[in-house]
Amino acid sequence: METRRVADILKNGQPEEKVVIKGWVRTKRELKDFAFTEVNDGSSLAGLQVVLDSEVPEYNTIIKQINTGASIEVGGTLVASQGKGQKIELKADSVMVYGEADPETYPLQKKRHSFEFLRTISHLRSRTNTIGAVFRVRNACAAAIHKFFQDKGFLWIHSPIITASDCEGAGELFTVTNFDLNKLPQNKQGQVDFTQDFFGKPAYLTVSGQLQAEVMAMAFQNVYTFGPTFRAENSNTSRHLAEFWMVEPEMAFCDLEGDQNLAEEFLKYIFQYVLDHCPDDMTFFNKWIDKSILATADNIINNDFERITYTKAIELLEKAKKKFEFPVEWGIDLQSEHERYLAEELFKKPVIVTNYPKEIKAFYMRLDDDEKTVAAMDVLAPNIGEIIGGSQREERLDVLERRIQEMNIEADSIWWYLDLRRYGTVPHAGFGLGFERLVQFMTGMNNIRDVIPFPRTPLNADF
RNA sequence: UCCUCGGUAGCUCAGUGGUAGAGCGGUCGGCUGUUAACCGAUUGGUCGUAGGUUCGAAUCCCACCCGGGGAGCCA
């Protein structure tokens, strides 16, 4: 008989149906002559209650083997439950134990664990309610992202993971080498001789696929990257990872307004998709993790995002009656307290702030006519702050070269990027979104390490 | 990296100079419909590591390691 998934049985199962399930035991409640067990196969938050009694062959042996964590196959008949917690349950005819889990050493209990502890057992934590729900929602987010872009005709670009250029001149990079680090070849100046290295020059793990996305947008118009990126920064926070996934759409023949339109439509779509596809998981998060996430999702989906310029944002912050720790004046980068005030207190919905001072933004952002600001945009959302950062790119070769010079950017390694402005340049724009931060925002999870299966952070690359 | 709080049983924690504790978990027993089952009993420790002060240190001091929260930076 074909194995059914628990999610399917809970949704469509009918009494009298014969089914087979395979999964892992979450709990066992043993009474004198029979027992209840809950089996979870990862397909849903809820497990299927299985009723076992002496009709199961070798009941006395089996019942001692099916402790929390054991993997089993159960065949039987679906029946309407006499108990209260579930509509339907499985009356077992046969049970096969694939692998036992010694209760003396199996680290997961039936009760709640701290996320800090679960991180020390990342190979087992996906079997818990919360982490299981996180990864189903993470998957739904990824599926939604692809569907959103594919339905719009965007090409998914596989940007390189190894790169010889440091895109934004910012952040610490991981070096990629095949040198024997105990015997580094040196040149006559006594420095490491990278001409003997694998690529003949220093190479790094990418910090962004944006520049390559711009290349591909110049052929396919609309593209997006969705892949891993790396930062070697020694930042120990609940919002940073050394390895994380980033989504970066790039559109040719698009300006800053089109960029904002896409960002707004994109966020609304992802939230709606997850609500539609993971309602139980989202309800679970709303109950146990953060009681505001469903209201937040509703806010995102049903409100037009506020759109203001940076200059207007500074005016509003200066007029605010609130005292800020960091003083406000034109030219500063917005601190998280400022972003929170705009999104949470003033507008109470997502706000897109545009046209920041050029001094605080990257070299590739398009210079505005006033020569003071650039065509940048940040989407600030209630409860999380900046979730999306983007810009219209500088498509004018002379202006771009001037900006590169002003900002002391090493231009040699991005000659190809400048070539795009030499040959058939067009206005174009795009944005970047940290995928794990999106999942954090969606689920209300406090620590980014709990929304990626195997987090890489300073001093932690286990599993 | 900076600030701050913490590290005691498998887990969550109490214990602030004098015999190392509780709840949960595990184990054993009981229970004919349980739902983090319940009831009874029981098991369980190099008090993060290494020094120091003291008659005596989980407790006080120093260094280091690790974790949480916040900041900076960002995604």
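The values are calculated or read from the model by the stated rules, or taken from the named source; none is laboratory data. Note that this is a predicted model, so its numbers are computed, not measured. Every residue, glycine as well, gets a Cβ built from its backbone with ideal geometry; the counts of neighbours run over all protein chains shown. Calculation scope for accessible area: heavy atoms of the full protein, side chains included, ligands and nucleic acids excluded. Shrake-Rupley method; radii C 1.70, N 1.55, O 1.52, S 1.80 Å.
Listed values, structure above:
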item	result
Accessible area per residue, Å², segment A:330-445 with all protein chains present, probe 1.4 Å	38
Hull volume in cubic angstrom per residue (convex hull over the Cα atoms of segment A:288-369)	138
Accessible surface ranking that places the most exposed of A:Tyr423, A:Tyr356 first, with a 1.4 angstrom probe	A:Tyr423, A:Tyr356
Spin-label model distance (nm) - A:Glu359 vs A:Lys322, 7 Å beyond Cα toward Cβ	2.5
Calculated Rg and Dmax of segment A:4-45 using C-alpha coordinates, Å	11.6, 32
Calculated FRET efficiency for the pair A:Asn129/A:Ser336, C-beta based, R₀ 30 Å, to 0.05	0.45
Segment A:186-343: Cα Rg divided by the 2.2 N^0.38 Å rule of thumb	1.43
Label zone at A:Asp280 (point 7 Å along Cα-to-Cβ), backbone N below 17 Å, segment A:44-76	A:44-51
Solvent-accessible ranking of A:Lys28, A:Lys110, largest area first, probe 1.4 Å	A:Lys110, A:Lys28
Simple label model, 7 Å out from Cα along Cβ direction - A:Ile289 to A:Gln272, nm	2.3
Additional length obtainable on full extension of the chain from A:Ser94 to A:Glu345, 0.36 nm per residue less Cα span	84.5 nm
FRET efficiency for A:Gln191 and A:Ile161, using Cβ-Cβ distance with R0 set to 30 Å, rounded to 0.05	0.70
Label-to-label distance, nm, for residues given as A:Lys18 and A:Ile301 (7 Å Cα→Cβ offset)	4.2
Stretch gain in nm, segment A:Gln109-A:Glu172, where the contour uses 0.36 nm per residue and the Cα spacing is subtracted	18.7 nm
Spin-label zone in segment A:432-463 - amide nitrogen under 16 Å from a point set 7 Å from the Cα of A:Glu116 along the C-beta vector	A:446-450
Largest to smallest accessible area among A:Thr77, A:Thr3, A:Thr195 [probe 1.4 Å]	A:Thr195, A:Thr3, A:Thr77
Debye equation applied to the C-alpha atoms of segment A:368-463, log10 I(q)/I(0) at 0.17, 0.23, 0.24 Å⁻¹	-0.90, -1.13, -1.20
Descending semi-axes in whole angstrom, ellipsoid equivalent of chain A, from the Cα gyration tensor	49, 28, 20
Relative contact order [Cα under 8 Å, 6+ residues apart], chain A, whole percent	13
Viscosity 1.567 mPa s, temperature 4 °C, Stokes-Einstein D of segment A:27-117 from Kirkwood C-alpha radius, µm²/s	93
Accessible-area composition of chain A, carbon plus sulfur, in percent [1.4 Å probe]	50
